[in-house]
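The values are calculated or read from the model by the stated rules, or taken from the named source; none is laboratory data. Remember, it's a predicted structure, so these values are computed and weren't measured experimentally. Reconstructed Cβ throughout: ideal geometry from the backbone, glycine too, with neighbour counts over all protein chains shown.
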Amino acid sequence: MALSTERLGLFNPDKPMENRLTDLGPRHYWQYFPPVIQNNYGKWTHHEILEPGVLVHVSETGDKVFTVRCGGCRFMTVEHVREICDIADKHCDGYVRFTTRNNIEFMTDSQDKLDALKKDLQSRKHVSGSYKFPLGGTGAGLTNIVHTQGYIHCHTPATDASAMVKAVLDDLFEYFQGMTFPAQVRISMACCLNMCGAVHCSDIALLGYHRKPPIVDSQVLDNVCEIPLVIAACPTGAISPAKTEDGKKTVKIKNERCMFCGNCYTMCMALPLSDKEGDGVTILAGGKISNRISPPKFSKVVVPFLPNNFPRFPEVCSDVKKIVEAYAADANKYERIGDWAERIGWEKFFEKCGLDFTEHLIDDYRLQYDTYRTSTQFKYTEASWAVSKAAGGVE
Amino acid sequence: MAFEPREEQTKLKYQELRIYSDEELNNYTEDELKSFKVKHNIPDLDELEKGPWPSFVADSKREALRRHKLPEDRMMIKPEVVEDMLGQLQLSFDHGETHWKHGGIVGVFGYGGGVIGRYSDMQDTFPSIAHFHTMRVNQPASKFYDTDYLRTICDLWEYRGSGMMNMHGSTGDIIFLGTFTEQLEPIFFELGHVLQQDLGGSGSNLRTPSCCIGKARCEWSCYDTQEMCYELTHFYQDELHRPAFPYKFKFKFDGCPNGCVASIARSDMSFIGNWRDDIRIDQAAVKAYMGGEIAPNGGAHAGRDWGKFDIQKEVIDLCPTSCMWMEGDTLKIDDKECTRCMHCINVMPQALRPGKDTGVSLLFGAKAPILEGAQMSVLTIPFMKTEPPYDNVKEVVEKVWDWWMEEGKNRERLGELIQRYGIPKFLEVLEIPPMPQMVTAPRANPYIFWKEEDVEGGWDRSIDDYRSRHAR
């Protein structure tokens, strides 16, 4: 059955339940494995990275599969997907795969085909000059930045995603195409605290953030929202019931209690937060997912706020670069950013990265005690001398 | 291996399914693209065409041009949809605020998820994105495709949608980005009838499960991640499409403790492959690593001169449990002390491999910060053997869901519920005993919530009896 071209296709609005197929689930994966994958499923013995972006996996049968990993934009048009198909048809018998981090992987079973594939991918550029399929994202390097929708589709973002990711990856492109770090570096980006991208365990997390409490749209609030639910939605109890001068039910916000999480706006469209000056970017660092050497860990806030300087976010790019360069220069082999920061001490992390430590970075939310340092083990940095001088007795 | 789809699937052949002719698919020249200007002034986006990283703006422009040149009756959504999206994006940069309205309840009959309603708040300026609904299409496990499938999806989405998509969304679905309400049912019917393909999850239901590449192309996967992902996705279709939960619920399947799909950070139920026997050692390959014949870590560090490989410094001294040592030129591992962190295996993949007696560890409760702070999953069931159709896993899943649906508050994730009630209650729900492996350390406070039945004589006491021994 071909795809329909009727305006409503196979759907009959007069009988909406007729011929409705439901609960089919996803298609079965096996049919999309190229033969070399089918034949060696569960038989792989090891792999090697031949060069940045190129892997070979070796099977106990002696078979090999060569993979070329390319950076991809999470956002892509059907034009781009069709071009991916052209490449897959030309070099890979019509198979292709995408990774969890929005990379594109082309696979082939021989060295000859690999060389042609690589050359083809490297030659493809957009008319305005950017690569379409940059090779990289392997080993001790930077891989693709996973991100959320931003202004392209989302109703709650505090910044844009695609633009920031493009800007940061342009800036760090050499690291995507190289393997010069002590270990892999995973950068992730989410446009607001909801973190549909779950960036909270990344080596570096870029997070859109609001800084102004919601504006109350009292004219409609009682009509479009359940006031008790809105009040209950606030984690700090900053929202309470109120009445307008003309007697309409609404809510009021205790601004000094607001932590700008936006949960109230998620529950109620009459409480928008976004604001040109208020919104911006927070940087977190030192998280990881893998259990390798040390357990998985959360990223920690290391830069409290940077402005939304569209389209290239120079302040964000600059601080990210400070972190990765200090890390690359100082960390031991195999050490992730978080492992490095813990070994040298976070005070040294700020010193080496050239980042300011401000009071915003000291936790004052519910589990703050977990981060108190209750020890005399510390290292002297300028920040510690500044405290001693302020307290008196030290010149 | 039994890799049978639940229902027979016809092989999709693009040539039989296609909408657009080759001529229509190649309807512009490179010169036309170079001189093409979208209908809105978008200086900030033009800037994002520069630089080496693939430009989503450059990509958008070619789709905009293609649609511009297609006859208008060859698309159900206006040709300017890409241009209007770019225009609104520029305006969002100018204003420092999004221009998408809050919410929008749309969907397909009988489903409570899979479609995200979205409307522009600038509909007069950008009429072709007045509606910009998203559809989540449930990806095949670990995101392998053939081009027949992808090209068919592309024709469908060009014809009935914006031609813009995400490969893939954060949870793993293929995201169709932007269509009008009228086309939601037609797209759903085409997906089902022509592609035998369903939507994914959204809202307070089971979200689209996802898995790592697993045994398809990885030597470390301790179970069939694709197969378990496929089976559980199909088995729980009702939970995936019809919201009955307090909030979202995610399954993610990692084949080993390296955790490539980040299940431990972002799934309410994290499946992580593990083993219980000994790490397999090939002593000859160990020697080859030590002699510099094989690059450590699969060559991951080749971009920099880190000096000669030193097994003591790079493997043995970094082992978190210090359970490895050399005896002469033989590598020894005290496996009962090993916590299977994967470091030594990652560094010397040709010499060391996970054991053969493999299974899965189950951890629960990860989530992003909203609301009470981020959580990672807590180790709960250390090791489980399981085979298709994974009945023992399903039993655990259903115990968890029954409890969460009974006790969970609106928009309370499982991890928050576990924190509210405490792990001991969660263990009671799962009918499993406690183990020290569930915590990093025992509690430091003595505030134990003793139950009455645990205390000899119960809690009912007479004050008169007490006063018979103690004056007021």
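For A:PRO295, are the conditions met, namely being over 23 Å from A:TRP346 (Cβ atoms), surrounded by 15 or more Cβ atoms within 10 Å (Cβ to Cβ) and either among the charged types (D, E, K, R) or within 14 Å of another protein chain (Cβ to nearest Cβ) (or both)?
no
Does B:THR171 satisfy the criteria of being touching a Gly at 6+ places or on another chain (Cβ under 9 Å), modelled with pLDDT under 95 and within 30 Å of A:SER4 (Cβ to Cβ)?
Taking the combined requirement at face value, the residue satisfies it.
Where in segment B:263-341 are there strands (runs of 3 or more DSSP E), lying wholly inside it, with at least 1 residues that are of a type in the set (S, T, N, Q), assigned by TED's automatic domain parsing to the domain that holds B:LYS248 and modelled with pLDDT of 95 or more?
B:269-275
Within segment A:106-115, count every residue that is touching a helix residue (DSSP H, G or I) at 6+ places or on another chain (Cβ under 9 Å) and without any contact (Cβ under 8 Å) to a residue 40 or more places away in the chain.
Residues meeting the conditions: 1.
Of the residues that sit in segment B:183-217 and are of a type in the set (Ser, Thr, Tyr) and farther than 14 Å from A:LEU24 by Cβ, which one is surrounded by the fewest Cβ atoms within 10 Å (Cβ to Cβ)?
B:SER204
Where in segment A:97-184 are the helices (runs of 4 or more DSSP H), entirely inside, with at least 2 residues that are facing another protein chain (nearest Cβ under 9 Å)?
A:162-171, A:173-176
Quick check, is B:ASP59 without any contact (Cβ under 8 Å) to a residue 24 or more places away in the chain, under 30 Å from B:PHE188 (Cβ atoms) and in contact with a strand residue (DSSP E or B) (Cβ under 7 Å, 6 or more places away or on another chain)?
yes
Would you confirm whether or not segment A:225-243 contains a residue that is of a type in the set (D, E, K, R) and within 9 Å of chain B (Cβ to nearest Cβ)?
no
What is the number of the single condition among (1) touching an Asp or Glu at 6+ places or on another chain (Cβ under 7 Å); (2) in contact (Cβ under 8 Å) with a residue 24 or more places away in the chain that A:PRO35 does not meet?
For A:PRO35, the failing item is (1).
Only residues that are more than 7 Å from chain A (Cβ to nearest Cβ), among the small types (Gly, Ala, Ser) and assigned to a helix (DSSP H, G or I): list them for segment B:128-160, please.
Listed by number, the list holds a single entry, B:SER128.
Could you please tell me which pairs satisfy a Cβ distance under 6 Å, a separation of 6+ or placement on different chains, a first residue in segment B:377-389 that is closer than 12 Å to B:SER270 by Cα, and a second residue that is in a loop (DSSP other than H, G, I, E, B)?
The qualifying pairs are B:SER377/B:GLY365; B:SER377/B:ALA366; B:VAL378/B:GLY365.
Looking at segment B:447-467, can you tell me whether even one residue there is within 23 Å of B:ASN205 (Cβ to Cβ) and at pLDDT 95 or above?
For segment B:447-467, residues within 23 Å of B:ASN205 (Cβ to Cβ) and at pLDDT 95 or above: absent.
For every residue, the table says whether it meets (1) farther than 26 Å from B:ARG353 by Cβ; (2) at the interface with chain A (Cβ under 7 Å from one of its Cβ atoms); (3) in a loop (DSSP other than H, G, I, E, B).
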residue: B:GLN196; (1), (2), (3): yes, yes, yes
residue: B:TYR223; (1), (2), (3): no, no, yes
residue: B:MET228; (1), (2), (3): no, no, no
residue: B:TYR247; (1), (2), (3): yes, no, yes
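If a residue has to be in contact with a Leu (Cβ under 8 Å, 6 or more places away or on another chain) and within 7 Å of chain A (Cβ to nearest Cβ) to count, how many in segment B:161-178 make the cut?
So the count comes out to 3.
In segment B:22-49, how many residues are more than 7 Å from chain A (Cβ to nearest Cβ) and either part of a loop (DSSP other than H, G, I, E, B) or touching a His at 6+ places or on another chain (Cβ under 7 Å) (or both)?
The total comes to 11.
Find the residue count for segment A:38-71, including only residues that are within 8 Å of chain B (Cβ to nearest Cβ), at positive phi and touching a residue at least 60 places away in the same chain (Cβ under 8 Å).
So the answer is 0.
Determine whether segment A:20-32 contains at least one residue that is in contact (Cβ under 8 Å) with a residue 60 or more places away in the chain and in contact with a strand residue (DSSP E or B) (Cβ under 8 Å, 6 or more places away or on another chain).
The answer is yes, given that some residue of segment A:20-32 is in contact (Cβ under 8 Å) with a residue 60 or more places away in the chain and in contact with a strand residue (DSSP E or B) (Cβ under 8 Å, 6 or more places away or on another chain).
Being buried (at least 24 other Cβ atoms within 10 Å of the Cβ) and either within 12 Å of chain B (Cβ to nearest Cβ) or of a type in the set (Lys, Arg) (or both) is true for just one of A:GLY287, A:GLY278. Which residue is that?
Criteria check complete, one pass: A:GLY287.
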